[in-house]
Every structure is written in structure tokens, then in C-alpha cells.
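Working notes, structure below.
What follows draws every value from the coordinates through simple rules; no lab data is involved. Just so it is clear, the model here is predicted, and its values are computed rather than measured. Positions of Cβ are backbone-derived with ideal geometry, glycine not excepted, and every protein chain shown enters the neighbour counts.
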Amino acid sequence: MDQEQDIQLAKEPLMADQVAMEGPANPGRRRFNMGALVAVTATAIAASGLGRQAWAAESNSAANSYRVPAEWEPHQSVLMAYPYDESYEDQLKPMQDSVINVANAIAQFEPVLMMAMTGYTEVVRKRCGPNVTVIEYPYNDCWTRDTAPVFALSPSGRDMLGRDFIFNGWGNRWSAILDDQLPSGVCATLDVPKSTVNMVFEGGAVITDGQGTLITTEQCLLNPNRNPSMTKAQIETALLRAYNATKMIWLPYGVHGDDGAAATDGHVDLVAAYIEPAHLLLNYPSDPANPNVPRMASNLAVLQQSTDARGRPFKITKMPVQPTFKVSGLTVENFSYINFYKSNVGIVVPTSNTPADETALKLFREIFPGRPVVGVDGTILASNGGGVHCITQHIPGVG
């Protein structure tokens, strides 16, 4: 792909009545201005493209045989998005800086596809390195782990499709019309089929080993603001089918602080991450006063009593530090080193600008010997509810 050429995703029509149904934008993480939304939606409606259902590959045996791979399997690239919404107020520029810094760090190791809102393409191109390709497309915000397709590979590994879940702005907290349409444009641009999954879900709510095991939290997936008409068993069945997995492990809790206005209701990607099959890195502060200790103790107990889909007990490596700090005068409690990105070569880790960074980065170098570990300031991302993993969606390699 020519890094010097912008790509414009196929814009698909959005339904006008969707705008009327949206409530006002809420303050906090992943915010969006409704005035901007109406203007962009009008443009998108006028543009040519495929509707949500038109691109859908209906559920069939072929689509169900596709497997969502583990994050350590080869990537062809990673998808990101440049934040632009003025409702970030004084944090907009720091958010933009953070996203660019993460993109340029990852681009040392693998190609980056960076989405830019209409009118921002040239600005974004000038800020990105040579291994970053800019994609112009209307979207709400930068949290592509949750809004982009979840990619799955065919049994041969030669073909790929995108799973398109319903995205409702993390439980109807924030406007999400454009982000809910995003998988169609991404799949069209990548020239891969799209398989629609008719349930509300965000990619950061599950981690997988690509070998049949899914791990999630009850706090998130059982929250009635996601799929109130579905039982726990129905949610599990739907996700196992979408990921082509056979076993789901339900942890009780997300991290402390991920359950307020600027939150995801307990995404697992702040709690645990796969290092390799049957080996997890678990957020487990050593400070007994940290409010996450009882939460993570409960999660650890579940993992210690579980095996993965292949019957293997879990090896648990604990991340012993989880610092707090202030951004714009407010204490940030949900920062997590667990929210890192594993590229084809290097590891990109959010940092806190506190002494805890030294401990965390040392542990990452021990966990991934021989691989470069790069720390990138994650304080602003955390203050808005996420981290490095949250703003990245890897695109698996095929062939």
C-alpha cells in the first residue's frame, strides 16, 4: 500500500431517523458533538455506498468456521482513528498528541492505517510517519478496539472477514451513529466480507487465545445497558459462535473506576491480557490499599479454578503496580499497564509518568525477552477511559 496516498472509505448511507433518536451528547470519555453529527450524517446520507445489511454476509456454516485469532498472531496492519471533536475541550490536543505518538510508535514495527475525519486528512498526514497511511471517513471517536470490525480468519488462514457487532456508545452513554456504521466502510476498503452479529458488543470486552478460549467480565457483558433481552447463556453462545471458540471464562469485575460516567462498565482489556497460550498478565496491585485488590482477588480465584478450552491451567503473571495521578485536577484511577499493544515485533505500553513505570516496563521486558518495549504516555488516554489497546484494532495477516 502506498503510504503517500490517502484512502477514502466507501461512505454508506445512514438513516435520518437515527439522528432523531439520539439523545444529547454526554460529558466525559468518548464524547461527540450533536451539531457536528447532524452535519456529517447529512453528508454521509448523500454519499454512495452500501447499507448496514447490504454488506452483511448472513450467518452460515462458512462464516461460522472463521476464527478470531490471538493478538500475538501475525498482523498485516493496525487500524486507528484521529480524535477531532471539540467537546474534548482542553484535552483535545493532548488526545490528538497521544494518538499520534502511539501510531508512530507502532509504525516502527508494522503498518498503521489512521482514519481522519473529513477535513483533517492533510493535518493528520503531516503528523504521521512514513509507515502510516491516512484513511478519510466519518466516525465519532478514536476508540477503534470497540468500534472497528473484529476480524476473523478462514480455516486455511487465506481469507478474512469482519464481524460487525452493534455499537451503542458503551451502553448508550455517548452518541455512536457513525461508529456503529464504521465496520461497513472498513470492510469495504479492505475488500473483505462483513458478517453481521446482532448483539451489542465492543472488542475490548473480550480477550482470546485464538485456540477456543474467551475471557470477559460479568460487569460489562451482563450490564442491562448492552443486551437486556439476552440471558448470560445467550450472550455466551453468540460470542462463542462469532469468535469460533468453545469456552468462555467469566471474571466478575473490571477495574475500579471503569464504571462511572466516563467508563466502559468493566472491559477486560484493562484487567488481563494474553501473553501466550494459557499465560495471562493480570492487573494485581501489590498495595493492599488499592481498591482493585479485592476485585482482582476475585478474578484471580476464578482463573485459578479454570482451565482453557484445551484443558490447560492458567499461568498468571501479576502486574504489581497501578498508579493514580491527576489530569486537569481530577484523579485518574483506571490507568492500566495491561492495556498495551502487541505488534508483530515490539510491545507498546502506556506509561503514567510516575515511578511505577520503571517497574512495569522492566516486567514487560522480562515477559517478552528479545523484543523492543516502547513506553508511550498514556495519562490523557486513561483520563478519558482507555489506553493504547483501546485505540488500536489489529488486522490479522492472511496467507
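Per residue and in Å³, how big is the convex hull formed by the alpha-carbon atoms of the stretch 7-396?
Enclosed volume per residue, from the Cα hull, is 129 Å³.
In nanometres, what is the gap between the two model label sites at residue 371 and residue 90, each 7 Å from Cα along Cα-to-Cβ?
3.8 nm
Give the shape of the stretch 151-241 as rounded, prolate or oblate, defined through the alpha-carbon gyration tensor: a ≥ b ≥ c are the square roots of its eigenvalues, a/c under 1.5 means rounded, and otherwise the shape is prolate if a/b is larger than b/c and oblate if not.
Judged from the Cα gyration tensor, the stretch 151-241 comes out oblate (a/c at least 1.5, b/c at or above a/b).
Measuring from label point to label point, each 7 Å out along Cα→Cβ, what is the residue 108 to residue 289 span in nm?
Result: 3.5 nm between the two label points.
Tally the DSSP beta bridges in the stretch 7-396 and give the antiparallel ones as a percent, rounded to 5.
On the way: 21 of 53 bridges.
Counting only bridges with both partners in the stretch 7-396, antiparallel ones make up about 40 percent.
Suppose every Lys and Arg Cβ carries +1 and every Asp and Glu Cβ carries -1, with no other charges. What dipole size does the stretch 83-241 come out with about its Cα centre, to the nearest 20 debye?
Magnitude of the dipole: close to 320 debye.
Just rank 90, 377, fewest to most, by other beta-carbon atoms within 10 angstrom. Provide the component values of the computation, followed by the final result.
Values: 90 7, 377 17.
By the 10 Å Cβ count, ascending: 90, 377.
Along the Cα→Cβ direction, 7 angstrom out, place labels at residue 326 and residue 234. What is the inter-label distance in nm?
4.8 nm
Dipole size in debye (nearest 20) for the stretch 257-361 around its Cα centre, Lys and Arg Cβ +1, Asp and Glu Cβ -1?
With Lys and Arg at +1 and Asp and Glu at -1, about 320 debye.
Can you give the charge dipole size of the stretch 7-396 about its Cα centre, rounded to the nearest 20 debye, using +1 on the beta carbon of Lys and Arg and -1 on the beta carbon of Asp and Glu?
Its charge dipole is roughly 700 debye.
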